Amino acid sequence: MIYSPLPVDGHPALTPFTVTLNRGQTYSCAWTGTNQTDPATHPSGAVVLSNKPVAVSIKDDSNHNPSGGCYDLMLDQIVPVNILGTDYVAVKGALNTTGDESLFVMAVQNNTQVYIDGNTTPVATLFAGQYYRHDMDYLPSGGNNATYVSGSKPLYAIHVTGFGCEQGMAILPPLNCAGSTQLSFTRSTSEAFYLNLLVRNGSQNDFVVTGPGTATIPGSAFVTVPGTGGDGGRASVQHHRGASEPGLHREQHERCVLAGDHQRRCHFGLPLRLLLRVLRKDRCERGCGPDAMCRGQRVVDGSVSSGVQRASGRRAEAARCSRQALLR
């Protein structure tokens with residue numbers, strides 16, 4: 001079932017409709033009529049429900065960046081509502097200074113308040129399906145160039161970044177996502193290539209880079225994310241050549257890969273092999289609603305694959321959650 005607040009081809013607004021798919025089939029809906037290039041006509045906030053697991057992706061083609069003549073296709077697969085978080089960090093990329101570097105958050109529950117960088121005054125109060133855009137152009141290109149966003153209720157968060165006027169987008173993992181300890185990647189062109197890393201405070205010196213190349217990840221490269229109370233640190237590391245396999249980090253971390261140049265292309269993504277819904281012990285102690293899970297309990301969300309991963313320290317025991325489940 002699809003329920004869109006705006007009309008899509010063949011279906012009026014606010015009228016649920018059903019599509020039946022067999023395994024391997026896909027369905028795409030959008031508005032291709034009058035003013036189709038106006039974001040106000042896009043089915044943002046549409047709800048998708050399924051009686052069996054499905055994968056849902058969002059996309060937008062020919063996005064024009066205001067700082068140049070670039071037109072880009074941006075897309076990503078979204079995640080189930082029940083593994084969303086309330087806290088996210090976005091690290092500024094290399095768009096032009098007027099390139100509309102953006103962090104978008106969307107509410108899935110009414111009366112969701114949105115906060116930036118730990119401020120106690122909300123920048124927006126959203127109803128389910130509404131979104132708020134935070135412009136990141138004001139941030140410097142280096143140093144303190146991260147934004148911390150939090151919500152009073154679970155949120156989707158999407159980061160739009162890139163090089164020059166070349167854009168890409170990716171859905172962000174919440175800070176209570178366990179991340180991973182190892183990432184393998186191949187640099188396929190000579191264009192600029194960056195790793196953005198986010199880690200809990202105290203583990204900045206634990207990264208090891210192997211394989212050809214000249215990149216290192218020193219602890220001094222990390223900067224505290226504003227509003228996190230010193231608990232989170234981030235680093236942006238440029239890798240110069242070859243293929244590499246960073247790994248052997250003693251605590252889970254989150255990371256993204258950003259590659260491209262100012263005139264031809266942008267590749268941006270967070271290569272999470274899986275998502276773990278893991279809540280810190282202190283968040284369980286102060287309460288996270290009826291679905292709060294604490295250390296030692298199993299978290300069973302969405303479509304669960306076999307096996308249970310036991311996280312260390314203050315993290316909970318979590319089941320490995322597939323990205324294919326009921327989606328909104």
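The values are calculated or read from the model by the stated rules, or taken from the named source; none is laboratory data. None of the values given here were measured: they were computed from a predicted structure. Cβ sites come from the backbone with ideal geometry, for glycine too, and all protein chains shown count toward neighbours.
Look through Asp72, Asp100, Asp61 and report the one residue that is modelled with pLDDT under 95, more than 26 Å from Asn176 (Cα to Cα), of a type outside the set (Gly, Ala, Ser) and part of a loop (DSSP other than H, G, I, E, B). Spell out the reasoning first.
On the way: Asp72 fails: part of a loop (DSSP other than H, G, I, E, B); Asp61 fails: part of a loop (DSSP other than H, G, I, E, B).
Sole residue among the options that is modelled with pLDDT under 95, more than 26 Å from Asn176 (Cα to Cα), of a type outside the set (Gly, Ala, Ser) and part of a loop (DSSP other than H, G, I, E, B): Asp100.
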Residue identified as assigned to a loop (DSSP other than H, G, I, E, B) and either farther than 23 Å from Ser28 by Cβ or modelled with pLDDT under 95 (or both) among Gln167, Gln109, Gln113: Gln109
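Being more than 20 Å from Ala146 (Cβ to Cβ) and in contact (Cβ under 8 Å) with a residue 60 or more places away in the chain is the filter here, so list the residues in the stretch 185-212 that pass it.
Pass one, the stretch 185-212, residues more than 20 Å from Ala146 (Cβ to Cβ): 185-191, 208-212.
The answer is Phe185, Arg187, Thr189, Glu191.
Yes/no matrix, rows are residues, columns are (1) surrounded by 20 or more Cβ atoms within 10 Å (Cβ to Cβ); (2) over 26 Å from Ala40 (Cα atoms):
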| position | (1), (2) |
| --- | --- |
| Lys92 | yes, no |
| Leu103 | yes, no |
| Asp137 | no, no |
| Gly168 | yes, no |
| Cys177 | yes, yes |
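Look at Gly45 and say whether it is farther than 27 Å from Pro7 by Cβ, among the small types (Gly, Ala, Ser) and surrounded by 16 or more Cβ atoms within 10 Å (Cβ to Cβ). Walk me through how you get there before you give the answer.
On the way: farther than 27 Å from Pro7 by Cβ: no; among the small types (Gly, Ala, Ser): yes; surrounded by 16 or more Cβ atoms within 10 Å (Cβ to Cβ): yes.
When the stated conditions are applied, Gly45 does not pass them.
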Can you tell me how many residues within the stretch 216-246 are crowded, with 20+ Cβ neighbours inside 10 Å and at pLDDT below 80? 8
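What about Thr147, is it of a type in the set (Ser, Thr, Tyr), out of contact with any Gly (no Cβ under 7 Å at 6 or more places or on another chain) and over 18 Å from Pro39 (Cα atoms)?
Values: of a type in the set (Ser, Thr, Tyr): yes; out of contact with any Gly (no Cβ under 7 Å at 6 or more places or on another chain): yes; over 18 Å from Pro39 (Cα atoms): yes.
Yes.
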If Leu197 passes every condition in (1) surrounded by fewer than 17 Cβ atoms within 10 Å (Cβ to Cβ); (2) modelled with pLDDT of 75 or more; (3) hydrophobic (A, V, I, L, M, F, W, C) but one, which one does it miss? (1)
Let me spell it out: the conditions are (1) of a type in the set (A, V, I, L, M); (2) without any contact (Cβ under 8 Å) to a residue 60 or more places away in the chain; (3) outside any helix (DSSP H, G or I), and Ala40 meets all of them except one. Which number is the exception? (3)
